[in-house]
Amino acid sequence: MDVQDFNGQRVLVTGAATGIGRACALMLALRGAEVWINHLGQGDASAALVDEIVTAGGRATAIEADVSDPYAVAEMFACITASGPLDGLVNNAGIIQEQPFLDTSEEDWRQIMAVDLDGVYRCCRHALEGMTVAGRGAIVNISSELGHLGRENYVAYCTAKAGVIGLTKSLAREFAPTIRVNGVAPGPVDTAMVSLEHMSEEWIAKELAIPAGRLGRPEEIAAAVCFLLSSSASFFTGQMLGANGGAWMGG
């Protein structure tokens, strides 16, 4: 892929303080975008990322909001779009939980859905309102290869990520050709989410048992995101790029 130029574009990345979101925000900013770094309770990490971007000559602003809270999302978008509509949105914020299905409470289920699926819906809704008026825009939703594959003990997470895939394809059809909506379904990536804090040793070992034989790097996912946001992907909509090391080889 060629290096993409995002000069003059305004992009929001949710869950951008660490991991894949951080890599996306940094890469977009270094390629000219004005980036809004959404986070929740990660002020120090977000401030450090803003400093890194500004030191490199880029533009970035940290903004705290819980994507599972509809009022917080509305306030975040009101703040961002006060100076103009977004050109791009990366829905990356997400949580994961390893838990047998029969041990998953209603509260556990709703928490995963509220962040991983409802949060994507809310941010898409607000972004598309402005993009429709402006007559332009691109959205990239981060799903997971588990949204295709499913996995025992991760039913809520897999269901939410499968929902993101369906949401992405449906929005792509509804808002084409003016606005493009695509997604990335990463495989195992070297972030805090793939750690003993969230996964057992057994499942971490299974994550590594893929054709690539390693974890992905956040920058590799960010490269796919930048491509889909850019004009180089002008004929892409409703697609889920499988940056997953061969974990999922479906169409």
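The values are calculated or read from the model by the stated rules, or taken from the named source; none is laboratory data. Quick caveat, the model's predicted, so the values are computed rather than measured. Methodologically, a virtual Cβ is constructed for each residue, glycine included, from the backbone with ideal geometry; neighbour enumeration extends over all protein chains shown. With ligands, DNA and RNA removed, areas are computed over all heavy atoms of the protein, side chains included. Shrake-Rupley method; radii C 1.70, N 1.55, O 1.52, S 1.80 Å.
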Computed accessible area, residue 227, all protein chains, 1.4 angstrom probe, square angstrom: 30 Å²
Work out Dmax and Rg for the stretch 1-126 from the C-alpha atoms and quote the Rg first, both in angstrom. 15.4, 51
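Provide the FRET efficiency to the nearest 0.05 for the residue 64-residue 201 pair, computing r from the beta carbons and using R0 = 25 Å.
With R0 = 25 Å, the Cβ-Cβ based efficiency is 0.15.
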Derived scalar couplings ³J(HN,Hα) [the stretch 141-156; Karplus, 6.51 cos²θ - 1.76 cosθ + 1.60; whole Hz; x for Gly, Pro]: 9, 8, 9, 6, 5, 6, x, 8, 7, x, 6, 4, 6, 9, 4, 5
May I ask you to derive the FRET efficiency for residue 48 and residue 7 from their Cβ-Cβ distance with R0 = 35 Å, giving the value to the nearest 0.05? 0.90
Quote the convex hull volume per residue of the stretch 68-210, based on C-alpha atoms, as a whole number of Å³. 116 Å³
Count charges around residue 65 for me, please; just the other residues with Cβ under 15 Å from its Cβ, Lys/Arg as +1, Asp/Glu as -1. -3
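Counting only protein heavy atoms and using a 1.4 Å probe, what share of the accessible area of the chain belongs to carbon plus sulfur, as a whole percent?
So the carbon and sulfur contribution to the accessible surface is 53 percent.
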Once both labels are modelled 7 Å past Cα along the beta-carbon direction, what's the residue 75-residue 178 spacing in nm? 3.0 nm
With r defined as the distance between the Cβ atoms of residue 111 and residue 236 and R0 fixed at 35 Å, what FRET efficiency is calculated, to the nearest 0.05? 0.60
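At a 10 angstrom cut-off on C-beta neighbours, averaged per residue, how do the peptides 48-54, 85-91 rank from highest to lowest?
Ranking, from highest mean packing down: 85-91, 48-54.
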Packing-ranked peptide list from 206-217, 234-245, highest mean Cβ count within 10 angstrom first, is 234-245, 206-217
Charged-residue dipole, Cβ positions (Lys, Arg, Asp, Glu), the chain about Cα centre, Debye nearest 20: 1000 debye
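Local charge sum around residue 189 (other residues, Cβ-Cβ under 13 Å, Lys/Arg +1, Asp/Glu -1)?
So the surrounding residues net to -2.
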Other-chain or far-sequence residues with amide H under 5 Å of residue 59's (modelled H): 35
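First obtain the Kirkwood hydrodynamic radius of the chain from its Cα pairs, then insert it into the Stokes-Einstein equation at 37 °C and 0.692 mPa s, and state the resulting D in µm² per second as a whole number.
The Stokes-Einstein estimate is 182 µm²/s.
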So what is the accessible area of the stretch 88-151 per residue, in Å², with the probe set to 1.4 Å? 43 Å²
Taking the Cβ of residue 35 as the centre, find all other residues whose Cβ is under 9 Å away and add up their charges (Lys, Arg: +1; Asp, Glu: -1). +1
